[in-house]
Every structure is written in structure tokens, then in C-alpha cells.
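I have placed the structure first, in the form of C-alpha cells, so that the comments after it can refer back to it.
Values in this text are rule-based calculations from the coordinates and carry no lab data. Not measured: the values here are computed from a predicted model. Please note: Cβ atoms are built from the backbone with ideal geometry, for glycine as well, and neighbour counts cover all protein chains shown.
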Amino acid sequence: MNSVTTATVSLGAVTIGLGILAWHLTKWWRTGGGGGPKVGPPGGGGGGGRDPKVLIPLLSSMALGMIAVTAAGGLIGTAAGFVLDTGSLIGNWSLTAATGTATPEVTRSGLKALTPGGCALLCIYFVILTAMWKSGAKILKGKIAAGVTAGVMLGLSAGFSGMASVALVTMTNTIGDKITGVVL
């Protein structure tokens, strides 16, 4: 059994992931995060009424996507692979259509694998975010779906987001192994 994903990420998928993140961060910056009217920064500078807690659903679901895309298979890994392949296809097409550029693979080398304890924690994390999504308002559901999609697109990249994913997978493995008692 292969314990490391064979998925690859293209520049198009990374562009989609960064675009989703940029969209949500821009909306948060312009509105203060509450979804209400625009809140300008006081005195022309500073953070205004921006509440960083509003970003928790987006960022926590991005973390789920980054971890899920490292799963080698199963329902979660297969679904993440499908989202990644679809994002690569759409992103590659849009980059080529919009700019005429090539869309190379930008997958990081030395992919980090989930341990059995890390996989167990991924399943628990998936259940928690599914419960949040199920019980949340429409705007929360949109943030969670967008965050998971962006996380899947960015999780295997060779850039900064890929390094963040390595840290998340390492943390997931460590915590999952300790909680479940798995010793490798």
C-alpha cells in the first residue's frame, strides 16, 4: 500500500488557491469581516474594525484541505485528488486563455505522508468541520467550502503554502499518534 500521495499540482491550481485566499482576505479587509457595510480604517490607516476571528472558518478549512490532499487514498484522499485535478484543469485553462503562459507542475519534492494516527486525526477533523458546515449559515458554508478548495490547491505546492502544509501534516501526525497511541 502506498502511504504517500501521487497527486501533483500545477501552476493553474496554485493560482486558483491563491485567488480564493486573496478574494476572502480582500473582502475581510474591506468590510471588517462582519459581512456588513464597508468599514474604512480609522484615520486612513490601521486595521479598522477587522476582526481576525472571522477568518477562523476559512483558515481552519484551508488546513483541512492541505492535510486531506496528502492522504494517499480512501474517500478523503480521492475526493481531494478529484478537487485538485479539477482545479488544475480549470486553472491551467484560465492561465493559458488569459495570459498565454505555460502552466508547469509546481509540486514540492519530498512529500510528507500521514501516519496512521495522522489519518485518524484527519478523519476527526473532517467530522468537526462537516458538523460546522452542516450547522452553519450559508456564508459559513461558503467560507468552509472555499477554504477546503484553496487548501487542496495549495497543499502540495513548492511555495510558502507547501511549507505551511508540511508543518500542518507534521503536527497532525504528532498529535494523532499521541492521541491514538500509535507508535511507529
Subtracting the Cα-Cα distance of ILE124 and VAL166 from 0.36 nm times their residue separation yields 13.2 nm
Hits in the stretch 78-119: amide N under 16 Å from the 7 Å Cα→Cβ extension of VAL182, namely 78, 112-119
Residue span THR174 to ASP85: 0.36 nm per residue of separation minus Cα-Cα distance leaves a gain in nm of 29.2 nm
Taking Cα atoms, the helix 138-154 axis meets the longest principal axis of the chain at an angle in degrees (rounded to 10) of 50
Projected onto their principal axes, the Cα atoms of the chain stretch, largest extent first, over whole-Å spans of 57, 44, 28
Checking rank on 143-156, 90-103, 67-80, with mean other Cβ inside 10 Å and highest first, the result is 143-156, 67-80, 90-103
With -39,500 (n - 2.57) per DSSP H segment of 4 or more residues and division by the full residue count of the chain, the 222 nm estimate, nearest 500 deg cm²/dmol, is -22000 deg cm²/dmol
Under the 7 Å Cα-to-Cβ spin-label approximation, ILE56 and TRP93 lie apart by a distance in nanometres of 3.8
If one compares the long axis through the Cα atoms of helix 160-180 with the longest principal axis of the Cα atoms of the chain, the angle in degrees, nearest 10, works out at 60
Computed over the chain: longest principal axis from alpha-carbon atoms vs helix 116-135 long axis, angle to nearest 10 degrees, is 30
Which of LYS27/LYS141; LYS134/LYS178; LYS53/LYS141 exceed 19 Å between C-alpha atoms? The answer is LYS134/LYS178
